[in-house]
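Take a look at the structure below.
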Amino acid sequence: MLTKAKPKPPRWQRRKYSPLARQIDIFRSAAKFMFYLWWDKTIANDTPNHRNRRAQWLVGALLDLGPTFIKIGQALSTRADLLPLEYIEALAHLQDRVPAFSGAEAIAVIEVELGQSIHALYREFDPFPLASASLGQVHKARLHTGEDVVVKVQRPRIERLFNLDFKIIHELVRFANRYLPWVRKYKLEAIYREFFDLLYQEVDYIQEGKNADRFRENFNNYPGIMVPTVYWRYTTKKVLTLEYMPGIKIDDRQTLEACEINTNEVIQRGICCYLKQLLEDGFFQTDPHPGNMAVDQDGSIIFYDFGTMAEVKSIARDQMIKTFFAVLRKDTDEVVNTLTYMGLLERQPDMTPVKRLVGFILERFREKPIDVREFEALGNELYVMFEQQPFRLPAQMTFILKSLTTLDGIARALNPEYNLLAASQPFVKNLTVSKGRGDVVKELAKQARDFITYRLNKPSSTELLIRRLEARIEQGELQVRVRSLESDRALKRIHLAIKSLIYACLTGFALLAGTVLLLVPHTGWAIAAFTLSGFWFVVLLYSLVQLAVKEKLEKMTRR
């Protein structure tokens, strides 16, 4: 009887995997990818289908290289400024595609870490994981006191793999900065440092537990947000035990609607929650993908993963607050100024193309999702702006962008036409009555009150139209054309006269060619040349008649 062969584990999961073999694997994959990029740019037929096949190859290569590179792929899935659309779409499906490790290995890690047998620790323990991710997997269990919990177990030997990858990738970054000058503008060194700092936090489950407690404290008096309790007695650096909180996957629109949960309220709650994290708390989850968030039966949002948390510096937070309310007011100049201050834009001698783009986005997309096709309306100005390359993305901003774009994707899955402005209204209204302590809360409340005042004293539609017209003229978006009838007539006569001259030259050239061919003699070719000469002579006569008629009409109109 034939039995199905058990698939071999990936190389990175094997016990005997030398640092040299790891380095060879990484450098070989990097070199192959760089070669493919060069080939696609210079030789291959660079079609969407071809790019899609190449993107699928990249996803497979990252899966083969293991957890570190899967995390890098997930981070790159938000970087549309670095990769084509086909790559972004392929990398977005990289979540949770790593094979699970055995329940026996998970139990062995738990027993070593907690120092007791699995039966002494838990009344029940399910050896089959509920979910598996790149860094670990989750098992359901029940404590002897009766509480249902989930036990998050780290992959064996993962920290050793990270340490090795940390050194190898640093060598790649230094190589790229030294020999590929065009990559220096992306500040890979800073992004690399920020990425690995977060990654090392994620493999420390004690830090994740502290993050969960801090997050829960931030939302203590905030309705509709649920955070599981950490059971510290059953938690170490490699094992994390949390309260079991089942829910509906946050992007599962059909199930949510079947349970009579208002998806627009879920979107509103999620956006307001993230605005609070970014603008008020300065402590946010950088990876809000559907596997890390769920919805309870009453519509509350449940957060699960707290390994990838980041802090926003107070200075950057102040500027983000100003940017947010400037977007609500459609204040293009303030948005550009704050983005420049934060380092997202590089100041140029002529900022007109950038202001045009920002104004265009505020006008078209503030109250609806972005449609890339509408950017065609900007034409040459968009090309000039990207040619100057004024956009920069500081390391910390990559994670803010990642969280916002992922959240935007979830919102679109629930309602493709969701309104960001309407969804953020409860957050703004809550701030107007806020009397909390601290400079950040005061700044938020001040900006919110200023925004309400602006809405109450909003200029009339006529005033707004005049201001918009003035702004468009200042930015060179509108051009004034002065038309002179006399000039138009003169230009038309000149154009007709030039055409007549060309026809005369063609007639003479054909006549001369026919005469020469007749003398050679080449009678057949000569007849053809004389026929052509006659044709051009008829066209010349018609053009001269047109010119004479136009001049006659103009003389009559002058009388």
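The values are calculated or read from the model by the stated rules, or taken from the named source; none is laboratory data. If you're wondering where the values come from, they're calculated on a predicted model, not measured in any experiment. Methodologically, a virtual Cβ is constructed for each residue, glycine included, from the backbone with ideal geometry; neighbour enumeration extends over all protein chains shown. For accessibility, only protein heavy atoms count, side chains too; no ligands or nucleic acids. Shrake-Rupley method; radii C 1.70, N 1.55, O 1.52, S 1.80 Å.
Okay, here's what the table says:
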quantity: Accessible-area order (highest first, 1.4 angstrom probe) of the listed residues W525, W57; calculated: W525, W57
quantity: Cross-link pairs K32/K167; K152/K276; K152/K313 - those with Cα-Cα distance over 22 Å; calculated: K152/K276; K152/K313
quantity: Which of H50, H93 is most accessible, then next, and so on - probe 1.4 Å; calculated: H93, H50
quantity: Orientation-averaged projected area, Cα convex hull of segment 279-335 (nm²); calculated: 5.4
quantity: DSSP-loop GluC sites (Glu not before Pro) across segment 255-302, with at most 10 other Cβ within 10 angstrom; calculated: E260
quantity: Where K32, K16 fall by accessible area, highest first, once all protein chains stay in place (1.4 Å); calculated: K16, K32
quantity: Charge context of F219, other residues only, Cβ under 12 angstrom, K/R +1, D/E -1; calculated: 0
quantity: Cleavage-rule hits (trypsin sites (Lys or Arg not before Pro)) in segment 212-284: DSSP loop, at most 16 neighbouring Cβ within 10 angstrom; calculated: K237
quantity: In order through segment 206-222: 3J(HN,Hα) via Karplus (6.51 cos²θ - 1.76 cosθ + 1.60), integer Hz, x for Gly, Pro; calculated: 5, 5, 5, x, 5, 4, 5, 5, 5, 5, 4, 5, 5, 10, 4, 9, 10
quantity: Long pairs among K210/K402; K330/K429; K187/K402; K210/K429, criterion Cα-Cα beyond 26 Å; calculated: K210/K429
quantity: Table column - 3J(HN,Hα) (Hz), segment 327-335, Karplus curve with 6.51, -1.76, 1.60, x for Gly and Pro; calculated: 5, 4, 8, 6, 8, 4, 4, 5, 4
quantity: Cα-derived Rg over Rh, computed across segment 156-265 with Rh taken as Kirkwood radius; calculated: 1.13
quantity: Positive minus negative residues near A55 (Lys, Arg vs Asp, Glu; Cβ under 12 Å); calculated: 0
quantity: Heavy atoms of T352 accessible to a 1.4 Å probe, total area in Å² rounded to 10; calculated: 40
